[in-house]
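The values are calculated or read from the model by the stated rules, or taken from the named source; none is laboratory data. These figures come from a predicted structure and were not determined experimentally. We place every Cβ from the backbone using ideal geometry, glycine too, and count neighbours over all the protein chains shown. Calculation scope for accessible area: heavy atoms of the full protein, side chains included, ligands and nucleic acids excluded. Shrake-Rupley method; radii C 1.70, N 1.55, O 1.52, S 1.80 Å.
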Amino acid sequence: MATHTPTAPALEAAPVPSFHLLDYLRRFYANYTVRTIFKALVTIWAVITFTFFLIRLMPGNPVEVYVDFLMNQQNMTYDEAYSRAASQFRFDPDASPVTQYVEYMGHLLQGDLGESITSSGTRVIDQIARFLPWTIFSVGLGLLISFTLGATLGTIMAYKRNTFIDHTLSLISSILSAVPNYIWGLMILIIFGVQLRWFNVGELRGTYSPTMTPGFTLEFLGDVLKHAMLPVLVYVTGSIGGWMLNMRNSTIGTLGEDYVGVARARGLTSSRILLAYVGRNASLPMFTLLAINIGFIIGGSVIIEELFVYKGIGSFLYWSISQRDYTSMQGVFLIITISVVVSNLMADLLYSRLDPRVRVSGEK
Amino acid sequence: MIGAVKPTIVENTMKNDVILQVQDLSIVYQTPRGDVMATTDVSFDLRKGETMALIGESGSGKTTLSLSFIRMLPNSARVTKGKILYSRDGVTRDILEMSDNEIRRFRWSDCAMVFQGAQNAFNPVLRVRQQFADTAAAHGKTDKAWIKQRTLELFKLVRLDPERVYEAYPHEMSGGMRQRSLLALGVLLDPQIVILDEPTTALDILTQRAIIDVLKEMQQRLNFSIIFISHDLALAAEMASRVATVYAGEIVEEGSVEDIFYRHRHPYTLGLIRSVPRLSRQQDELMSIPGEPPNLITPPSGCKFHPRCMFASDKCKVDPPPLVEYEPGHRAACWHTDKVAAARIAFAAQD
Ligand SMILES: Nc1ncnc2c1ncn2[C@@H]1O[C@H](COP(=O)(O)OP(=O)(O)OP(=O)(O)O)[C@@H](O)[C@H]1O
Ligand SMILES: [Mg+2]
């Protein structure tokens, strides 16, 4: 072992410059905004990379899927079909995934999501811009309705806890949240569309009727609502039970807080207590949940949009997957990742706006 | 406004300075195991400006009694008997007969209550001043300038830095600061009665001291009456002008501080006082009351204290003793007050 005394001065001298750099980086990272953005970017990069390789590990590729289609539908031989497919797609199934990845990331850094593999000439970003708004509209509306309605019903349940109303609503919300939403979708289709014929399923396909000219007319908006009605109904049915139960439990907890009792003793009116003392505190965790749920708008829409033939981003993703359209899938996954990351950020931000106790680090 | 109108005296059976008169009040909690008789036949008067201490073991019914004065008993509680008469400006009302809106307005503007162990008495998402303003607004006082001035004045009175606390959120204050703010909030509307249910138990001894000083000063300035509940007998003796000993939901002895601490006639009061450690007393001389507080679903027959009483006779097992006045204002419910007095004198000689 080396003796300590002679090396001591050298050890003291050497770390000084690197210590400064590390210290600088550490301080930079300690900044809340910097840290948040850094985390978000790392998350997005990790998910892109992961999904990039994952979707290429799925059995089949765009060419094979198209070859199968041509052979089955148009009775081509394998060779004919393969040369047709290869000539139509700008995609080389034999290129190494790593090369593809480097190329893709290069484009992505310039903000280019690339072209769809299976319909050449169509940019992925245009597809997303075309389908995404419909999903945001329908799922967002569903979320809004089920959140407000669920929170209201949950509050009523808490105020009337252990009464007939509470027991009934609890049972209903348990059933609603126990059954997956696509089952509700199927049931609604079969019972009201097929059996009772309350509506014409065929007419409700798509996001609006083909005869309509899009624009800000009452007629068009009405048509849009009509087409969104069933998916929205399913989103509400599928999620309202959770909101109700969450709000009920949160409100019951809040009703037992000291400050609610003291507020009553102070002679505040029950409406003031309900809004500013009970509701305000009980809904705090709900807003976090709400923001987090916004991140799942796209993911949750896939099956429902497919079921109701609602042309949103979910059904676009479904189609891309079935075609193994790698670039389109990748584009949608990117959007999903970004929306999850952003909505989590929003949850943090919103929470610190609503709850003064966590506001401390954000201010000053 | 005060003195401008001579209040018309509605038929008033209450003595002039009595503001709260409890008459034969009984309260039960309905539970699956049976009715818990938490308050039985309680009667007492509270006078303007005086402090009345309620002492008694845990579970004796002190909180239940005081909650009934602002009608904040839990849903499972029923008042089975009695009246709670409240008098202000010469008008006397039975609190139990007030409508929901009347009782809402009565709360805090006539009778404020600091709850036992209310560590989070303030809504965490509203500033303290907003909660003062809320309270004022609920009682029809919406003049912003007045509210602000009054709030700052009260913060000063409870020795808080008004500028600092005014904009603060509850979590930015210490437990002691919150307790002081709560006391300030308590007198915001100039109530006649302030109920303090163990207001200092969660605080350290110095903060306790400071709060007691603040309380006394506030009471001197604002002249409200206090119902003071505490397990700390020294504190009760210091704060109160009168004391009531509560056992198993009944007032078993009531009198001035001197009556209760130096001339007590009930064995339970004797036991409570002898169980307090004193520097001058050896540990082994401490007397604890044997046995457990009784089950209030099936309380003992006769005198409820008899199973734990060293003076109990056969009569005590059968006949409940009435509350008898021995000196003016000093009442006790015991068949053997003479023996208790003798024991008290013997103990005093020992010390
Ligand atoms: N909500 C309730 N339901 C049933 N019984 C209750 C309820 N609240 C209190 N009790 C019972 O009523 C009796 C009196 O309780 P109370 O809280 O008034 O006592 P206390 O004198 O304030 O006690 P402590 O000194 O511990 O605060 C006790 O026997 C208690 O078990
Ligand atoms: Mg109590």
| query | Of (1) more than 21 Å from residue B:162 (Cβ to Cβ); (2) away from ligand 1 (no atom under 16 Å from the Cβ), residue B:218 satisfies all except one. Which? | reply | (1)
| message | Only one of B:104, B:71 is in contact with a helix residue (DSSP H, G or I) (Cβ under 7 Å, 6 or more places away or on another chain), open to solvent by 20 Å² or more (accessible area, probe 1.4 Å) and within 14 Å of another protein chain (Cβ to nearest Cβ). Can you tell me which? | response | B:71
| query | Out of all the residues in the stretch A:268-299, which are without any contact (Cβ under 8 Å) to a residue 40 or more places away in the chain and of a type in the set (Phe, Trp, Tyr)? | reply | A:277
| request: For residue B:67, indicate whether it is outside any loop (DSSP other than H, G, I, E, B) and either within 16 Å of ligand 2 (Cβ to nearest atom) or of a type in the set (S, T, N, Q) (or both). | output: yes
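Would you say residue A:106 is open to solvent by less than 40 Å² (accessible area, probe 1.4 Å), small (Gly, Ala, Ser) and in contact with a His (Cβ under 7 Å, 6 or more places away or on another chain)?
It is false that residue A:106 is open to solvent by less than 40 Å² (accessible area, probe 1.4 Å), small (Gly, Ala, Ser) and in contact with a His (Cβ under 7 Å, 6 or more places away or on another chain).
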| query | Quick one: residue B:188 ticks every box in (1) over 18 Å from the mean Cα position of the chain (by Cα); (2) outside any loop (DSSP other than H, G, I, E, B); (3) of a type in the set (A, V, I, L, M, F, W, C); (4) farther than 19 Å from residue B:119 by Cα bar one, so which box is it? | reply | (2)
| task | Working only within the stretch B:157-184, note down all residues that are closer than 24 Å to residue B:202 by Cβ, charged (D, E, K, R) and in contact with a helix residue (DSSP H, G or I) (Cβ under 8 Å, 6 or more places away or on another chain). | result | B:159, B:161, B:178, B:180
| remark: Of the residues in the stretch B:20-40, those that are more than 15 Å from ligand 1 (Cβ to nearest atom) and open to solvent by 10 Å² or more (accessible area, probe 1.4 Å) come to B:21, B:23, B:24
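Regarding residue B:99, is this residue surrounded by fewer than 19 Cβ atoms within 10 Å (Cβ to Cβ) and polar (S, T, N, Q)?
Answer is yes for this residue.
Can you name the residue in the stretch B:157-184 that is assigned to a loop (DSSP other than H, G, I, E, B) and within 14 Å of chain A (Cβ to nearest Cβ) and, of all such residues, is most open to solvent (accessible area, probe 1.4 Å)?
B:167
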| field | Residues located in the stretch B:140-155, provided they are part of a helix (DSSP H, G or I) and charged (D, E, K, R) | value | B:144, B:148, B:150, B:153
| Of all residues in the stretch A:161-179, which are more than 24 Å from residue A:232 (Cα to Cα) and surrounded by 14 or more Cβ atoms within 10 Å (Cβ to Cβ)? | A:161, A:165, A:166
| remark: Among (1) open to solvent by 70 Å² or more (accessible area, probe 1.4 Å); (2) in contact (Cβ under 8 Å) with a residue 40 or more places away in the chain, residue A:66 falls short only on (1)
| Top-ranked residue in the stretch B:208-231 [being open to solvent by 60 Å² or more (accessible area, probe 1.4 Å) and either under 17 Å from residue B:47 (Cα atoms) or of a type in the set (Val, Ile, Thr) (or both); ranked as nearest to ligand 2 (Cβ to nearest atom)] | B:216
| query | Quick one: which of B:137, B:133 is within 13 Å of another protein chain (Cβ to nearest Cβ), assigned to a helix (DSSP H, G or I), modelled with pLDDT of 95 or more and open to solvent by 40 Å² or more (accessible area, probe 1.4 Å)? | reply | B:137
| message | Can you go through A:120, A:146, A:116, A:138 and tell me which one is of a type in the set (Ser, Thr, Tyr), closer than 22 Å to residue A:278 by Cβ and either modelled with pLDDT under 95 or open to solvent by less than 30 Å² (accessible area, probe 1.4 Å) (or both)? | response | A:146
| request: Considering each of A:82, A:78 in turn, give the residue that is in contact with a helix residue (DSSP H, G or I) (Cβ under 6 Å, 6 or more places away or on another chain), of a type outside the set (Asp, Glu) and open to solvent by 70 Å² or more (accessible area, probe 1.4 Å). | output: A:82
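Can you find, within the stretch B:111-130, the residue that is farthest from residue B:21 (Cα to Cα) among those that are within 7 Å of another protein chain (Cβ to nearest Cβ) and surrounded by 18 or more Cβ atoms within 10 Å (Cβ to Cβ)? So that I can check it myself, show each step before the final result.
In the first step, residues of the stretch B:111-130 are kept if they are within 7 Å of another protein chain (Cβ to nearest Cβ); the result is B:113, B:115, B:118-126.
Still in the list and also surrounded by 18 or more Cβ atoms within 10 Å (Cβ to Cβ): B:113, B:115, B:118, B:121-123, B:125-126.
On the way: B:113: 17, B:115: 21, B:118: 27, B:121: 28, B:122: 31, B:123: 33, B:125: 38, B:126: 37 Å.
This residue is B:125.
Every residue, every condition in (1) within 15 Å of ligand 1 (Cβ to nearest atom); (2) within 14 Å of another protein chain (Cβ to nearest Cβ); (3) within 14 Å of residue B:248 (Cα to Cα); (4) in contact (Cβ under 8 Å) with a residue 60 or more places away in the chain, yes or no:
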position	(1), (2), (3), (4)
B:16	no, no, no, no
B:50	no, no, no, yes
B:53	yes, no, no, yes
B:57	yes, no, yes, yes
B:60	yes, no, yes, yes
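Yes or no, residue by residue, for (1) in contact with a Lys or Arg (Cβ under 9 Å, 6 or more places away or on another chain); (2) more than 16 Å from ligand 2 (Cβ to nearest atom); (3) of a type in the set (Lys, Arg):
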| position | (1), (2), (3) |
| --- | --- |
| B:95 | yes, yes, no |
| B:104 | yes, yes, yes |
| B:112 | yes, yes, no |
| B:115 | no, no, no |
| B:122 | yes, yes, no |
| B:140 | yes, yes, no |
| B:171 | yes, yes, no |
| B:199 | no, no, no |
| message | Looking only at the stretch B:315-336, count every residue that is outside any loop (DSSP other than H, G, I, E, B) and open to solvent by less than 30 Å² (accessible area, probe 1.4 Å) and tell me the total. | response | 3
